[in-house]
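Following: one structure in C-alpha cells, then a few remarks.
The values are calculated or read from the model by the stated rules, or taken from the named source; none is laboratory data. Note that the structure is predicted; figures quoted are calculated from it, not measured. A quick note on method: Cβ atoms are made from the backbone with ideal geometry, for glycine too, and the neighbour counts reach across all protein chains shown. Accessible surface areas use protein heavy atoms only, side chains included; no ligands, DNA or RNA. Shrake-Rupley method; radii C 1.70, N 1.55, O 1.52, S 1.80 Å.
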Amino acid sequence: MSEALTLPAETRERAGKGASRALRRENRIPAVIYGGKEEPALIHVEQKELVRQLMTGHFMNSIVMIEVDGKSVRVLPKDVSFHPVSDVPTHADFLRLSKDAKIEVSIPVVFINQEESPGLKKGGVLNVVRHELDLICISDKIPDEIEIDVTGKEVGDSIHISSIELPEGSESAITDRDYTIATLVAPSALKSQDDETEEGEEGAEGEEAEGTEGEGEGEEKSED
C-alpha cells in the first residue's frame, strides 16, 4: 500500500454551526477524530491541503497521520461532506486506528494481461460488474488496488470473488454469496452477425426441403 499521508491540524475548542462557519471563513475545515476507545477529538484542517489530498484519488482508502498538538494520530478518512453548490469540503470525519485494527474499505480492481485472453482477442468485451471490492483489511495492510488476471478467459466466462486471491491481511466483506466481478461477453455486432447467419442457414434448409418435395411430386405425375 502507499505510504501514510500526513495532514497537519489544530485543535478546535468549540463545536456548533456558528464556530464551524467561522472556521470556513478562514479557509479551515472542521473535522473530528473518533474511535479507538477514546473521546472524540475536535480539530480543523487547512482547506487547500485537504482538497489537495482528496485530489490524489486514494485519500479515502489511505492511512493518514494527523499532526495535532505535537502528536501524530493514525486515522482512516471515513467521510467528507461538501457544499452542494461550491463543492468545497465542509466537514471531515476520521476513524482513529490501532496498528492491528481491522477495517472495511472499498478497493479498486485492475484487470491485467488482457492481451492473453482468447475471448478478448476474438473481439469479446470485458463487462465489469464491480469496479471496487468491499474488503476487511488490517489497517496497516490496505492494498492500493486488487489485480485480476484475465489470462485464458473466453467469451462467456465469469470472474467471481471466490476465484480472486486476496492480499495477506484482506478478506471479502461480503460472505453470503459468491458475487460476480466481471464477465466476458460478445459485442452486439457479433451477436447480430451470428443471428443473421443462423437465419440464413434456416432459410436455405427450408428452400432445400421445398425443392425436395417438388421433385417427389414431379416423379409421381410422370408415373401416371
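One table, with the values for the structure above:
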item: Subset tally (residues that are out of contact with any helix residue (DSSP H, G or I) (no Cβ under 9 Å at 6 or more places or on another chain), touching a residue at least 12 places away in the same chain (Cβ under 8 Å) and of a type in the set (A, V, I, L, M)) for segment 43-77; result: 8
item: Which listed residue, of Glu13, Glu38, is acidic (Asp, Glu) and in contact (Cβ under 8 Å) with a residue 40 or more places away in the chain; result: Glu38
item: Selection count, segment 33-52, where residues are surrounded by fewer than 18 Cβ atoms within 10 Å (Cβ to Cβ) and in contact with a Phe, Trp or Tyr (Cβ under 8 Å, 6 or more places away or on another chain); result: 2
item: Search result, residues across segment 45-65 that are under 16 Å from Leu23 (Cβ atoms) and among the β-branched types (Val, Ile, Thr); result: Val45, Val51
item: Given (1) over 25 Å from the mean Cα position of the chain (by Cα); (2) open to solvent by 70 Å² or more (accessible area, probe 1.4 Å), number of the condition Met55 does not satisfy; result: (1)
item: Within segment 176-200, considering residues that are among the β-branched types (Val, Ile, Thr) and modelled with pLDDT of 95 or more, the one surrounded by the fewest Cβ atoms within 10 Å (Cβ to Cβ); result: Thr180
item: Where a residue in segment 169-186 is under 23 Å from Gln114 (Cβ atoms) and its partner, wherever it lies, is assigned to a loop (DSSP other than H, G, I, E, B) and among the basic types (Lys, Arg), with Cβ under 7 Å and at least six apart; result: Ile181/Arg130; Leu184/Lys153
item: In segment 150-175, residue surrounded by the most Cβ atoms within 10 Å (Cβ to Cβ) [restricted to those that are polar (S, T, N, Q) and part of a loop (DSSP other than H, G, I, E, B)]; result: Thr151
item: Test for Glu26: is it within 31 Å of the chain's Cα centre (by Cα), open to solvent by 80 Å² or more (accessible area, probe 1.4 Å) and not β-branched (Val, Ile, Thr); result: no
